[in-house]
Amino acid sequence: MKLWGGRFTKPTNELVDEYTASISFDQKLAKFDILGSLAHVEMLAKCKIISSNDAEVIIQGLKNVAQKINNGEATLSVEQEDIHMNVEKLLMEEIGPTGGKLHTGRSRNDQVALDMRLYLRESIVHIVDLLSKVQKALMAQAKQNIDTILPGYTHLQRAQPVRFAHHMLAYVFMFQRDVERLVDSYKRVNQSPLGAGALAGTTFPIDREYVAQKLHFDGVSFNSLDAVSDRDFVVEFLSNASLISMHLSRLCEELIQWSSTEFHFIELDDAFCTGSSMMPQKKNPDVAELIRGKTGRIYGHLIGMLTTLKGLPLAYNKDMQEDKEGMFDSVETLEGALALFAPMIETMTVNKDTMHKAVQHDFSNATDLADYLVSKNIPFREAHAIVGQIVLHCIQTNNYLLNLPFDTFQQFSHVIKEDIYDVLAPASVVDARNVFGGTAKERVMEQLQIAEELIDSNMKWVTNYEPLKDMLLT
Ligand code: ARG
């Protein structure tokens with residue numbers, strides 16, 4: 001029997017039940033659905049909309065339902081369509097017709113918006129925690145590689161040398177923006193829609209603030225129509241998830257390149273690689289590849305959700321049930337990637353020698369030679385041309401700047417003195433960029449310090465979050 005069967009004269013087509021049901025996926029919301037109901041029913045009693053006796057019975061019943069769902073003892077049915085009606089049905093099986101009072105002053109429309117917000121709120125905190133752990137892993141590699149110098153690239157052509165710590169820090173700050181975006185979005189997620197009813201509010205004298213406080217919301221939504229039709233917070237999360245995936249994917253791409261024989265800059269730990277079924281010599285960076293690959297589905301969910309919403313009139317429309325799978329999948333895909341990422345970074349071996357050799361066999365110090373000429377009062381454009389000719393000469397004679405004989409330097413410009421070899425050494429080249437945010441040792445140390453403080457404050461934000469779980473136990 002359907003909970004809304006009253007005005008119908010025949011049962012739904014059997015395909016319709018299957019097609020419209022969301023229980024196969026929205027059962028993930030069970031915990032939040034029941035927490036929301038616990039707060040709602042307490043409020044109903046407080047406002048004397050139902051008796052406190054009834055409320056007590058319902059609360060105990062809900063806790064039993066929660067336990068049964070948790071232990072896999074509850075049967076969730078397609079006939080009851082979604083998690084909200086399944087829980088209500090289970091409650092009535094538990095405590096009889098009194099269970100029918102739970103839904104007073106509430107609609108599935110505000111209820112589902114509430115559940116989504118509770119789910120996302122917890123997921124955001126978890127993802128910030130995982131991101132901070134990735135940042136910490138990058139920091140650990142950075143600290144061990146302050147003096148490891150490798151070529152920095154533009155256009156994937158060697159450009160100027162950088163410290164490996166500097167490279168790791170670039171990602172630390174990238175992930176910091178991701179954390180900040182999530183933290184900022186949290187305040188838009190953390191508004192209680194409960195009380196909006198189906199679309200227009202409710203005739204009962206409910207206390208929206210009380211429910212909001214019970215559920216640790218920062219406040220209540222301002223407009224009932226907006227409250228039940230808004231899924232911006234889902235889009236915003238999917239957009240943030242897309243940026244995080246893109247960042248992870250870029251780093252994965254570097255890890256994959258760096259672990260190739262051609263680069264040989266790093267080696268990923270055996271525990272994070274897999275072999276080939278045919279080629280015995282292979283060790284493939286599958287984890288990094290798959291994280292890069294899964295970026296596609298997260299972008300897909302963002303576009304999917306935006307598209308689902310674009311033509312919807314106010315307020316709730318069944319189309320909005322499509323908000324769930326993409327969100328769940330994005331959360332789980334990200335959680336999976338981030339949980340693997342931190343240990344994969346921590347355990348990778350940095351081939352300092354290969355990096356060191358690389359910066360000695362390239363022209364990544366050419367800008368420094370030009371800057372040197374500028375310091376001798378040669379206009380930069382002229383200096384650029386002179387160094388271009390020196391580099392060409394090196395290429396033609398199979399040489400690098402650091403092993404060019406002194407008189408050859410002098411043939412190109414008399415202002416070049418013996419100190420040029422010190423100036424062009426990789427360690428001097430990185431230290432010469434002593435600008436805030438630059439590659440000089442003290443600047444990199446400064447960045448480490450800044451990053452450390454930011455990560456600490458991320459962790460503090462995470463520990464400030466109070467989970468609602470306990471409400472189910474008391
Ligand atoms: N299963 C629905 C969803 O996920 C819940 C809200 C349904 N409301 C309704 N009036 N049909 O969107």
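The values are calculated or read from the model by the stated rules, or taken from the named source; none is laboratory data. As the structure is a prediction and not an experimental result, all values here were calculated from the model. Neighbour counts are summed over all protein chains in view; Cβ atoms, including those assigned to glycine, are modelled from backbone coordinates with ideal geometry.
Would you be able to say whether some residue in segment 315-323 is part of a helix (DSSP H, G or I), under 19 Å from the mean Cα position of the chain (by Cα) and either buried (at least 20 other Cβ atoms within 10 Å of the Cβ) or modelled with pLDDT of 95 or more (or both)?
Yes, the conditions are met somewhere in segment 315-323.
Only one of D353, D329 is surrounded by 15 or more Cβ atoms within 10 Å (Cβ to Cβ), of a type in the set (D, E, K, R) and either under 30 Å from F409 (Cβ atoms) or within 16 Å of the ligand (Cβ to nearest atom) (or both); which?
D329
Which condition number does A55 fail, the rest of (1) out of contact with any Asp or Glu (no Cβ under 7 Å at 6 or more places or on another chain); (2) away from the ligand (no atom under 16 Å from the Cβ); (3) without any contact (Cβ under 8 Å) to a residue 60 or more places away in the chain; (4) hydrophobic (A, V, I, L, M, F, W, C) being met?
(1)
What number goes with the only condition from (1) buried (at least 16 other Cβ atoms within 10 Å of the Cβ); (2) over 30 Å from I298 (Cβ atoms) that Q396 does not pass?
The number of the failed condition is (1).
With E56, E42 as the choices, which residue is surrounded by fewer than 17 Cβ atoms within 10 Å (Cβ to Cβ), of a type in the set (D, E) and modelled with pLDDT of 95 or more?
E56
Give the residue, chosen from V444, V423, that is in contact (Cβ under 8 Å) with a residue 60 or more places away in the chain, assigned to a helix (DSSP H, G or I) and touching a Leu at 6+ places or on another chain (Cβ under 9 Å).
On inspection, the qualifying residue turns out to be V444.
Within segment 48-83, how many residues turn out to be part of a loop (DSSP other than H, G, I, E, B) and more than 21 Å from M116 (Cβ to Cβ)?
Matching residues across segment 48-83 total 10.
What residue, among those in segment 84-127 that are part of a loop (DSSP other than H, G, I, E, B) and within 16 Å of the ligand (Cβ to nearest atom), is farthest from T333 (Cα to Cα)?
G105
So which pairs qualify, if the first residue must be in segment 306-325 and without any contact (Cβ under 8 Å) to a residue 60 or more places away in the chain and near the ligand (Cβ under 10 Å from one of its atoms), the second must be aliphatic (A, V, I, L, M) and assigned to a helix (DSSP H, G or I), the Cβ gap must be under 8 Å, and the two must be at least 6 apart or on different chains?
D319/L309; E322/M305
Checking E79 against (1) out of contact with any Leu (no Cβ under 9 Å at 6 or more places or on another chain); (2) more than 30 Å from A342 (Cα to Cα); (3) more than 16 Å from the ligand (Cβ to nearest atom), only one condition comes out false. Which one?
(3)
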